[in-house]
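The values are calculated or read from the model by the stated rules, or taken from the named source; none is laboratory data. Note that the structure is a prediction, hence the values are computed from the model and not measured. Cβ sites come from the backbone with ideal geometry, for glycine too, and all protein chains shown count toward neighbours. To get the accessible areas, we keep the full protein, side chains included, count just its heavy atoms, and leave off ligands, DNA and RNA. Shrake-Rupley method; radii C 1.70, N 1.55, O 1.52, S 1.80 Å.
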Amino acid sequence: MTNASSKRQISLVLGIETSCDETGVALYHCSEGIVAEQLHSQADLHSQYGGVVPELASRDHICRLIPLVRRIMNETGVTQPDAVAYTAGPGLIGALHVGAAVGRSMAFGWGVPAVGIHHLEGHLLAPMLEDNAPDFPFVALLVSGGHTLLIDVIRVGEYTLLGESLDDAAGEAFDKTAKLLGLPYPGGAFLANLARDGRAGQYHFPRPMIDRPGLDFSFSGLKTYALNTLHKLENASYDDQADIARAFEDAVVETLTVKCRRALAQTGRNRLVIAGGVSANQRLREDLTRMANEQSAKVFFPRPAYCTDNGAMIAYAGYRRLAAGESDGLDIRAFPRWPLAQI
Ligand code: KG4
Ligand code: ZN
């Protein structure tokens, strides 16, 4: 990323998200906020395979992206934005290349700057789209299908990693356990629904790594624990499955809550931001809110639609980067792996 020598006025940014299985587009205006957005989820396309098929994801993004951009431009009467922001990584390389190639090319055609955005920075900044936006600095818990990170956010672009998952991400653990319970893909929200019918304390799952110092996580053992619990039951009834879902959710939520409390104490921050797909989880929201109140800290979440992947968070992160004078060259950049600390 380069610092553009001549700062041009950027008011309206087109954001494009294609890092995994959602095609998201949005227009962010510096004083009006998100003025238009569209999202197409590929969940139905991939559900028959029990997970995302990268080649199918790329092909679907190719078909969806330009019509979705056209729709938000027509809706708003915008003929061209002042800049384009696209997700440059991390994610599925073919899927990323669709957004990067289309986004970069549209910017070239319009003669406006383009900027490649780190997907996790998009998630991190998503709560800033809400009326009740957090001030910097804050601790962020980023819980998605691919990542579980605790980050000290000093300002846009200045992030210190406090802890991360050593194996499965929290969302991945939700999805794998949901699959064991016969729920559709992606299973996080389905498992959370099933857990509502489960009884507390019927099973007790471990809280991985909470008795060790530090802020790292490990969730892969929980799915094995769920599998072993299921195997011990001859024919698991709906009630048994709901109890297992409840025990699993309790374990993940408590583990995340303990580590967030520890991160607030370690950094001395009094603001906690929760972002990423798993932050849509109602139990997690409730428990983190309770914990934050006890610590005299404030907790901030994006609205549920901005917890999971979307174009709005990319448009907003792009606006922040471009307003700081950053933009990319003409090359089309996409990085399947991209440590947040490197941006
Ligand atoms: O952020 P996201 O849309 O995509 C990634 O960047 O990974 O997160 C998707 C993840 C999936 O694992 C999904 O099952 C999980 O978020 N998820 C949930 C809930 N809603 C989505 N997990 C638990 N409870 C939910 N309500
Ligand atoms: Zn995501």
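Sort out for me the Cα centre separation of the range 13-48 from the range 294-343, rounded to whole Å. Each part's Cα centre sits 13 Å from the other's.
Rounded to a whole number, what % of the accessible area of the range 134-301 do carbon and sulfur atoms account for, probe 1.4 Å? After summing per-atom areas, the C and S share lands at 46 percent. Just add up the charged neighbours of Leu272: K/R +1, D/E -1, any other residue whose Cβ is under 15 Å from the Cβ of Leu272. Result for the neighbourhood of Leu272: +2.
Placing unit charges on C-beta atoms (Lys and Arg positive, Asp and Glu negative, everything else neutral), compute the dipole magnitude of the range 159-317 about its Cα centre in debye, rounded to 20.
560
For the chain, the 222 nm mean residue ellipticity estimated from helices alone, with every DSSP H stretch of n ≥ 4 adding -39500 (n - 2.57) and the total spread over all residues, rounds to -13500 deg cm²/dmol.
Computed from phi, the 3J(HN,Hα) profile of the range 55-64 under the Karplus parametrisation 6.51, -1.76, 1.60 (θ = phi - 60°) reads 5, 5, 4, 4, 4, 5, 4, 4, 6, 8 Hz, with x in place of Gly and Pro. In whole percent, how big is the carbon plus sulfur part of the accessible area of the range 6-128, probe 1.4 Å, protein atoms only? Exposed carbon and sulfur together represent 51 percent of the surface.
Starting from the Cα gyration tensor of the range 134-301, take the square roots of the eigenvalues, sort them a ≥ b ≥ c, and report rounded, prolate or oblate (rounded when a/c is under 1.5, otherwise prolate if a/b is larger than b/c, else oblate).
Cα axes put the range 134-301 in the prolate bin.
Across the chain, C-alpha contacts under 8 Å between residues 6 or more apart give a mean separation that, scaled by the residue count, equals a relative contact order of 27 percent. In this structure, the residue pairs whose Cα-Cα separation is over 21 Å, taken from Lys179/Lys232; Lys176/Lys298; Lys179/Lys259, are Lys176/Lys298; Lys179/Lys259.
Place a +1 charge on the Cβ of each Lys and Arg in the range 58-133 and a -1 charge on the Cβ of each Asp and Glu, then give the dipole magnitude about the Cα centre in debye, rounded to the nearest 20.
Working: 5 positive and 6 negative charges, 86 e Å.
That gives the range 58-133 a dipole magnitude of about 420 debye.
Bridges between two residues of the range 134-301, per DSSP, are antiparallel at a rate of about 60%.
Taking every DSSP beta bridge that has both ends in the chain, the antiparallel portion is near 60%.
Backbone amide hydrogens, once placed in the peptide plane, bring Glu326 within less than 5 Å of Ala4, excluding anything fewer than 5 places away on its chain. When +1 charges are put on Lys and Arg Cβ atoms and -1 charges on Asp and Glu Cβ atoms, the dipole computed for the chain relative to its Cα centre reaches about 500 debye. Once the 1.4 Å probe is applied to the protein heavy atoms, the range 134-301 comes out at 44 Å² accessible per residue. Evaluated at q = 0.07, 0.08, 0.11, 0.14 Å⁻¹, a Debye calculation over the C-alpha positions of the chain (equal weights, vacuum) places log10 I(q)/I(0) at -0.29, -0.38, -0.71, -1.10.
What is the sum of charges, Lys and Arg at +1 and Asp and Glu at -1, for the other residues whose Cβ falls under 14 Å from the Cβ of Ala245?
Net charge around Ala245: 0.
Within the full protein context, the accessible area of Leu191 is estimated at about 0 Å² for a probe radius of 1.4 Å.
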